[in-house]
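Read the structure below first, then the notes.
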Amino acid sequence: MTVYTRKINYHETDKMGITHHSNYIKFMEEARVEYLEKIGLPFQDVEAEGIGSPVVGLDIEYKKPTGFADILEIEVKLTAYNGIKMEVAYTMKNKATGEVCVTAHSRHCFIKDGRLYSFKREQNPMDKKIQAALEEDLKQ
């Protein structure tokens, strides 16, 4: 698990002064990209091998609103990985209050040349990094 910190910008709020719901998906992506860097898988390295990781599913539950200048602490961890697909969990907390604002999951597959790609089957060294991160995250 890793924690990504994100300050809410004014332009990310709506007329009521709360963070627009669509921005949380962007925050998830920012947090996921940083997480991958921390486990030794910078996304630019993955893409340099011609591998993409599209989102195939999202689940989001909004619990408490946030607004301009609030600081989110986004806990990110892998919850599933089989070589072809991975699932990432997010818990977003207001840093000042400690309250959980959003819980979410994103599901991704891996593709190369328009087809599903298996890190395991291809014996790609990145597989071991993802597997080690999953094992560590499941302990927490």
* Any chance you could give the angle, 0 to 90 degrees and rounded to 10, that helix 126-139 forms with the longest Cα principal axis of the chain? => 50 degrees
* Asked: Quick one: Cα convex hull volume of region 17-73, Å³ per residue?
  -> 107 Å³
* To do: Could you state the accessible area per residue of the chain in Å², with a 1.4 Å probe and every protein chain left in place?
  => 57 Å²
* So what is the calculated 222 nm ellipticity per residue for the chain, using -39500 (n - 2.57) for each DSSP H run with n of 4 or more, over all residues, to the nearest 500 deg cm²/dmol? -> -8000 deg cm²/dmol
* Asked: Under a straight-distance cross-link criterion of Cα-Cα below 29 Å, which lysines are reachable from Lys128, leaving out those fewer than 8 residues away in the same chain?
  -> Lys26, Lys38, Lys77, Lys85, Lys112, Lys120, Lys139
* Asked: In degrees from 0 to 90, rounded to the nearest 10, what is the angle of the helix 23-38 Cα long axis to the longest principal axis of the chain?
  -> 50 degrees
* Structure fact -> Computed over the chain, the convex hull of the Cα set has an average projected area, in nm², of 8.7 nm²
* Over the chain, what is the relative contact order in whole percent, taking alpha-carbon pairs under 8 Å and six or more residues apart? -> 28 percent
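The values are calculated or read from the model by the stated rules, or taken from the named source; none is laboratory data. Small disclaimer: the values here were computed from a predicted structure and weren't measured. Note: areas computed on protein heavy atoms with side chains; ligands, DNA, RNA excluded. Shrake-Rupley method; radii C 1.70, N 1.55, O 1.52, S 1.80 Å.
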